[in-house]
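The values are calculated or read from the model by the stated rules, or taken from the named source; none is laboratory data. This structure is a prediction, so every number in the text was calculated from the model and none was measured. Note that we place each Cβ from the backbone using ideal geometry, even for glycine, and neighbour counts take in every protein chain shown.
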Amino acid sequence: MAFDGITVAALVKESQNKILNGRINKIAQPEEDELLLTIKNDGMQYRLLISANASLPLYYLTDENKISPMTAPGFCMLLRKHIGTGRITSIDQPDFERVIDMRIEHLNELGDLCAKHLYIELMGKHSNIIFTDDDGKILDSIKRVSAAVSSVREVLPGRDYFIPKTADKRNPMLEDESAVIDVLSSDQNAGNPLYKAIYTSYTGVSPIAANEICHRAGADADIPFGALPEGVGGRVASVFVSFFENVKKGLFSPAVYYENDVPAEYSAVNLEVLTSGGARAREYDSISGLIENYYEEKSVVTRIRQRSADLRHIVSTHLERNVKKYDLQLKQLADTDKRDMYKVYGELLNTYGYSAKPGDAEISALNYYTNEEIIIPLDPLLSASENAKKYFDKYGKLKRTKEALDELISETKDEIEHLKSVLMELDIARKEEDLIEIKNEMLACGYIKGSGNKDKAKGKARVVSKPFHYVTEDNYNIYVGKNNFQNDELTFAASKGGNDWWFHAKKIPGSHVVLKSDGREIPDELFELAARLAAFYSRGKEQEKVEVDYTLRKNVKKPAGAKPGFVIYHTNYSMAIEPVVEGVKLVD
């Protein structure tokens with residue numbers, strides 16, 4: 001979720017509570033498009049991070065410091081000169097835009113009291129930090145924008161500052177119910193779904209916030225306002241006004257919303273539209289803390305994906321080669337289907353070959369296996385017995401080829417399944433340690449050249465990360481392996497309880513899942529919770545339902561010399577279940 005006007009309102013409210021009337025103690029510019037202000041207020045010290053990054057604009061209070069360059073950039077030096085010891089006298093959000101106006105009083109060179117403004121524009125690729133005097137004249141900005149770049153507004157020293165109005169949107173904080181009805185029922189919104197009419201008509205309202213308003217009003221968000229049942233339109237207007245009255249009062253409930261343990265949205269207000277659909281909310285006391293943690297978590301996932309790119313390329317290359325090899329082997333195997341026919345030809349020639357004359361190119365004989373007449377091709381230069389021997393030789397060669405291919409095809413198929421499992425491991429990797437283990441597995445299996453492969457291949461590689469750990473409402477523990485080394489560790493070392501249960505997606509790559517009994521009787525519903533985890537952490541997670549095998553952990557065996565993560569079992573139950581994470585809490 002990008003910064004919307006509601007999030008900015010929550011940040012402004014928090015800033016007013018903590019740093020309003022505070023004095024700026026330090027100004028740093030750690031990145032080209034980023035400021036870090038240190039502010040002292042009421043005996044407390046705060047750090048305010050402001051980023052005008054085009055892909056990730058940010059504004060939040062933090063405890064973390066950042067390393068600054070040895071030589072401060074020009075914009076940073078200008079701010080230090082003017083407001084290096086200034087006092088923040090107001091923090092506002094003009095017209096509910098994604099803009100924060102911070103007014104700062106300071107003494108000039110003559111000792112006179114002056115005021116400057118720091119405008120923080122959190123507008124995606126148009127984000128900027130603009131420094132002006134009290135009359136709105138731009139002194140400088142962290143990003144200068146010339147007329148060649150933007151025909152709407154120049155952001156250059158000496159120009160007048162204004163917030164560009166690129167769309168004719170209304171301020172939702174100023175509306176009453178009748179005005180909301182007029183806007184949503186206007187000709188402009190006649191064909192728009194209700195949620196779209198809301199967020200395209202009002203400043204600072206995101207699509208998810210618009211959907212939340214519709215949900216609270218019990219209205220179908222996907223139909224136009226004019227198509228709502230009688231009375232529902234008025235309810236939408238009432239909820240809209242009430243919703244923004246709470247924003248005006250500063251009644252915020254910051255939370256991140258997780259779907260299948262993946263952060264899907266964050267919001268400064270409750271999103272009942274998500275929790276009613278099964279999303280899990282993690283609440284925060286501070287909107288700044290939420291934003292810092294949310295984007296840090298997103299950043300970690302992005303960084304892990306970037307760092308796993310080389311490993312993913314290696315695995316994909318090996319997988320592509322093995323798939324091609326598998327297809328070729330299947331074609332070669334199909335060619336061996338003629339072997340039994342050659343054997344019959346040889347036997348029939350030994351029986352009826354006396355009737356063949358020298359120089360015959362074929363012979364007709366009764367196939368006593370099918371009681372049908374067949375034509376047997378002959379080499380005219382060979383006798384009947386020599387032709388029979390030739391067919392028996394072909395039969396023997398194809399038989400040996402089939403036996404060899406059966407073994408090779410089985411090995412190639414296992415290799416393909418293993419490579420697919422490694423790709424899945426890369427998909428669910430969350431930490432650097434996870435990538436280390438995956439790399440060790442690839443070393444062990446020879447996908448990467450390196451030292452120490454022999455020990456790792458024998459299963460001696462040290463497990464350095466931990467499996468996913470889920471806890472049910474009744475405090476039962478469920479563990480999910482993140483990679484094949486960890487799957488082996490989880491199944492055969494960490495799980496020794498005689499009544500522990502083991503789960504795995506049937507015939508597709510996936511994580512080993514262990515439901516710990518801890519000596520207790522396991523309720524039936526917990527089997528479904530664990531099976532859902534096994535389905536979710538498998539290559540079948542995009543399917544509507546996944547078949548999952550489960551059995552007592554003691555029934556699972558590992559064949560000698562098998563690849564990491566490969567096991568066998570002969571006694572098991574199965575169920576088809578949705579690949580979702582619900583009814584459990586991730587604790588590690």
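Brief remarks on what is shown
- Across the range 199-219, the number of residues qualifying as more than 17 Å from residue 238 (Cα to Cα) and of a type outside the set (Gly, Ala, Ser) comes to 4.
- Any chance residue 69 is buried (at least 21 other Cβ atoms within 10 Å of the Cβ) and either in the same structural domain as residue 16 (by TED's automatic domain parsing) or under 37 Å from the mean Cα position of the chain (by Cα) (or both): no
- Checking each residue of the range 150-166 against the condition of being touching an Asp or Glu at 6+ places or on another chain (Cβ under 7 Å) and at pLDDT below 95 gives at least one match.
- Filter result for residue 130 (closer than 22 Å to residue 9 by Cβ and not in a loop (DSSP other than H, G, I, E, B)): yes
- When the criteria are applied in full, residue 296 meets the requirement of being farther than 27 Å from residue 583 by Cβ and among the acidic types (Asp, Glu).
- Hey, residue 273 buried (at least 18 other Cβ atoms within 10 Å of the Cβ) and either part of a helix (DSSP H, G or I) or modelled with pLDDT of 95 or more (or both) or not: yes
- Test result for residue 183, part of a helix (DSSP H, G or I) and over 15 Å from residue 5 (Cα atoms): yes
- Failed item in (1) part of a strand (DSSP E or B); (2) among the aliphatic types (A, V, I, L, M); (3) surrounded by 15 or more Cβ atoms within 10 Å (Cβ to Cβ), with residue 375 passing the rest: (3)
- Residue 139, sole failed condition from (1) within 21 Å of residue 20 (Cβ to Cβ); (2) outside any loop (DSSP other than H, G, I, E, B): (1)
- Elements of type helices (runs of 4 or more DSSP H) in the range 187-260, at least 3 residues being more than 34 Å from the chain's Cα centre (by Cα), touching a residue at least 60 places away in the same chain (Cβ under 8 Å) and farther than 30 Å from residue 581 by Cβ: 232-249
This table checks each residue for (1) assigned by TED's automatic domain parsing to the domain that holds residue 96; (2) under 14 Å from residue 273 (Cβ atoms); (3) among the polar types (S, T, N, Q).
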residue: 185; (1), (2), (3): no, no, yes
residue: 190; (1), (2), (3): no, no, no
residue: 198; (1), (2), (3): no, yes, no
residue: 211; (1), (2), (3): no, yes, yes
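- In the range 516-540, residue nearest to residue 482 (Cα to Cα) [restricted to those that are in contact with a helix residue (DSSP H, G or I) (Cβ under 8 Å, 6 or more places away or on another chain) and buried (at least 18 other Cβ atoms within 10 Å of the Cβ)]: 537
- Residue-level check: of (1) farther than 19 Å from residue 256 by Cα; (2) under 31 Å from the mean Cα position of the chain (by Cα), residue 21 misses just (2).
- Filter result for residue 61 (in contact (Cβ under 8 Å) with a residue 40 or more places away in the chain, part of a loop (DSSP other than H, G, I, E, B) and under 19 Å from residue 291 (Cβ atoms)): no
- Of all residues making up the range 22-45, the number that are part of a strand (DSSP E or B) and more than 17 Å from residue 103 (Cα to Cα): 7
- Only residues that are in contact with a strand residue (DSSP E or B) (Cβ under 9 Å, 6 or more places away or on another chain) and part of a loop (DSSP other than H, G, I, E, B) were counted in the range 153-180, giving 11.
- Any hit, the range 243-255, residues being farther than 27 Å from residue 14 by Cα, buried (at least 16 other Cβ atoms within 10 Å of the Cβ), assigned by TED's automatic domain parsing to the domain that holds residue 189 and at pLDDT 95 or above: no
- Subset of the range 151-171 that is hydroxyl-bearing (Ser, Thr, Tyr) and in contact (Cβ under 8 Å) with a residue 12 or more places away in the chain - its residue that is surrounded by the fewest Cβ atoms within 10 Å (Cβ to Cβ): 166
So that you can scan it fast, the table gives a plain yes or no per residue for (1) assigned to a helix (DSSP H, G or I); (2) assigned by TED's automatic domain parsing to the domain that holds residue 508; (3) touching a residue at least 12 places away in the same chain (Cβ under 8 Å):
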residue	(1), (2), (3)
332	yes, no, yes
354	yes, no, yes
359	no, no, yes
365	no, no, yes
381	no, no, no
385	yes, no, yes
406	yes, no, yes
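- For the range 71-116, the set of residues classified as within 27 Å of residue 295 (Cβ to Cβ) and part of a loop (DSSP other than H, G, I, E, B) consists of 72, 73, 93, 97, 98, listed by residue number.
- Here residue 421 does not fit the description of being modelled with pLDDT of 90 or more, more than 27 Å from the chain's Cα centre (by Cα) and either at positive phi or in a helix (DSSP H, G or I) (or both).
- In the range 168-186, residue nearest to the chain's Cα centre (by Cα) [restricted to those that are of a type outside the set (S, T, N, Q) and farther than 14 Å from residue 241 by Cβ]: 169
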